[in-house]
1. Among G379, S330, P281, whose Cα projects farthest towards the positive end of the dipole of the range 159-425, with charges put on the beta-carbon of Lys, Arg (+1) and Asp, Glu (-1)?
2. Tell me which of V307, V244, Y29 sits at the most positive position along the dipole axis of the chain, charges placed on C-beta atoms (Lys, Arg +1; Asp, Glu -1).
3. How big is the Kirkwood radius of the range 252-353, worked out from every pair of different alpha carbons and given in Å to one decimal?
4. Based on DSSP H runs of at least 4 residues, each adding -39500 (n - 2.57), what is the mean residue ellipticity at 222 nm of the chain after dividing by all its residues, to the nearest 500 deg cm²/dmol?
5. Under a Cβ-only charge scheme (Lys and Arg +1, Asp and Glu -1), can you give me the dipole magnitude of the chain about the Cα centre, in debye to the nearest 20?
6. Could you work out how far apart the two model spin labels at T221 and V244 are, taking each label as a point 7 Å from the Cα in the direction of the beta carbon, and quote it in nm?
7. On the accessible surface of the range 1-136, probed at 1.4 Å, how many percent belong to carbon and sulfur atoms?
8. For the chain, report the translational diffusion coefficient in µm²/s to the nearest whole number, using Stokes-Einstein at 37 °C, 0.692 mPa s, and a Kirkwood Rh over Cα pairs.
Amino acid sequence: MWNANNLVQSADAVTVLLAGSIPRLQAWYTALAADARFRVAMQAGDPQDLRSKLVTNPDVLVLDAGIYPGPQPLIEDLTRYHGAAYVLLPMEASREAMDGVAQIPCVKGVYKGEINLVAIAGEMYAAATAQRQARLNAGMEALWNRPQTAGGGQPLGLRVVAVWNQAGGVGKTTVATNLAYEAARRGLPTLLVGMGAPDDLPLILGLKPEPNLNHWRANPTAEGLKLALQKVDTLDVLAGFPDVLSEARAITTPLDAPESIPKLVLTAAYMGYAVIVLDAPPTALASAALAAANTLVLVARPSLEGVMRTVEAYRTVVERLAGEHHIPASGVYVALNRMGGRMSLDEWHKAASALLGRPFPPVVAQIPDEPKVGEAQDGRKLPLNVSEAFARGLKPLADALFSPQGAQAPQNGKKQITLFGVRVTL
Ligand SMILES: Nc1ncnc2c1ncn2[C@@H]1O[C@H](COP(=O)(O)OP(=O)(O)OP(=O)(O)O)[C@@H](O)[C@H]1O
Ligand SMILES: [Mg+2]
């Protein structure tokens, strides 16, 4: 398990405490997770919880005042906080209430209806760093001790990558396992989650079918997750389901249940993982993986059938599941797998764009059809370590997702989505 000193992610990032209802927390968390300047250190769902967590003095507090029964306790709590607070008041709040809250020294912004965290991120960052500087100048020790950035690594926003296609057998598990291994090899604390049933992911990694997702679902806490993990070198792996029955139970689990896939990802994010890779299955459970992800890797075969299946999968995500996930348009990457005598990248991309009726997301990786891949997996070895051609093919995808410049990509394509009834701008 990674400890704080190993965290490459946002070692110097501004710490944020989010307080509000669960859907609001998820939306806000997602809005900040892609921004390497911030680290959402804590969340609170009610005033008492909030009070206990404010003791750690986070740099920024984003608060939905709707969790308070009235203005009095809200004002009392805010007057005791010394960071930078951004407060969302209910729609019915009066002008006087807004002005009253705005006068509390820690309050830097008061909003009604919705806070666009992406739009005010620069302001939040400036306010937090100015306060930190002021504390340093005053010779005060910050209460929150940040670990040093390890090994010269650049800060990187949290990547929750769903590797997916509706089509079976296209190489999702092959790409997910090698991509996650590569992220871990680059020094990023990485968790790989298998979601197959029965899951072949542990098998090809030389791991056991147990412990697995069922163990975590029986104890859906950080402790439970730690106990359910296996390791491949520095990569942490949670194996998928041992049978279709347990997968069926997971499919009927509500997305906000403690043992759901989105909650698993949230737990892992709080544990300090910088990269979480989900090997999303070609079943109904994929929607849970997509709901938890901020990045989608579509693995596609370089054939006309591959074009059809992949355009269909893309449409599922951007049209049919619109509003049920938070993957921005710029967070979609296409990897063509098993390139050989068939379609070229250009032919494939032209056909996909023609079928979609607008430009299809770019193909970032071309992975060759390589007999050593299957041989390596049968021998429980990683193709990445056995085939140079395979490693070369996968590299542009890893660079796009895990290099600091690539990590900024999701912020560029701003997009409004509705998540559990809450509007968020990504
Ligand atoms: N680049 C490649 N070259 C050669 N063989 C490959 C390559 N990628 C994957 N394969 C082989 O294709 C088969 C299917 O791959 P994989 O299990 O990764 O697909 P999948 O999409 O996860 O399938 P499923 O839908 O069943 O989960 C495996 O036998 C694997 O070894
Ligand atoms: Mg698979």
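The values are calculated or read from the model by the stated rules, or taken from the named source; none is laboratory data. All values derive from a computational prediction rather than experimental measurement. For neighbour counting, all protein chains shown are included, and Cβ atoms are generated from backbone atoms with ideal geometry for every residue, glycine included. Just the protein is used for accessible areas: all its heavy atoms, side chains included, with ligands, DNA and RNA removed. Shrake-Rupley method; radii C 1.70, N 1.55, O 1.52, S 1.80 Å.
1. Of the listed residues, the answer is S330.
2. Among V307, V244, Y29, the one farthest towards the positive end of the dipole of the chain is V307.
3. Details: mean 1/r = 0.0670 Å⁻¹.
Across the range 252-353, the inverse of the average 1/r is 14.9 Å.
4. Working: 19 runs with 174 residues, N = 426.
Helices in the chain give a 222 nm mean residue ellipticity of -11500 deg cm²/dmol.
5. Charge dipole of the chain: 560 debye, to the nearest 20.
6. Calculated label separation equals 3.5 nm.
7. Values: 3120 of 5660 Å².
That share works out to 55 percent.
8. Using the Kirkwood radius from Cα pairs, D works out to 146 µm²/s.
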